[in-house]
Amino acid sequence: MDKIQIADQGSTFAVLFVQDGNPHEMDRRNTFADAEEFAFYLAARLKVDVYYRDKRLEPRRKR
């Protein structure tokens, strides 16, 4: 299953594209909010889901 995964990397957050079980680092962000925003951008383009700590995330609604 292909997916976008957000991973804790010390004081930063890595955004990974996991394809057939192989992780590919796409970017690192300083805050979770930035990583989440980028992850959902990629997920929309690649038509996959976003996960953090093995839980599927839902995009937050903008007000």
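Structure data summary
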quantity: Residue in region 38-51 that is basic (Lys, Arg) and out of contact with any Ser or Thr (no Cβ under 8 Å at 6 or more places or on another chain) present; calculated: yes
quantity: Residue selected from region 1-34 under the condition assigned to a loop (DSSP other than H, G, I, E, B) and not β-branched (Val, Ile, Thr), by the criterion surrounded by the most Cβ atoms within 10 Å (Cβ to Cβ); calculated: Asp2
quantity: Residue satisfying all of: in region 35-55; in contact with a strand residue (DSSP E or B) (Cβ under 7 Å, 6 or more places away or on another chain) and assigned to a strand (DSSP E or B); surrounded by the most Cβ atoms within 10 Å (Cβ to Cβ) among these; calculated: Val50
quantity: Residue check, Ala33 aliphatic (A, V, I, L, M) and without any contact (Cβ under 8 Å) to a residue 12 or more places away in the chain; calculated: yes
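Just so you know, all these numbers are worked out from the coordinates, no wet-lab data involved. This is a predicted model, so every value here is computed, not measured. So basically every Cβ, Gly included, is an ideal-geometry build from the backbone, and we count neighbours across all protein chains shown.
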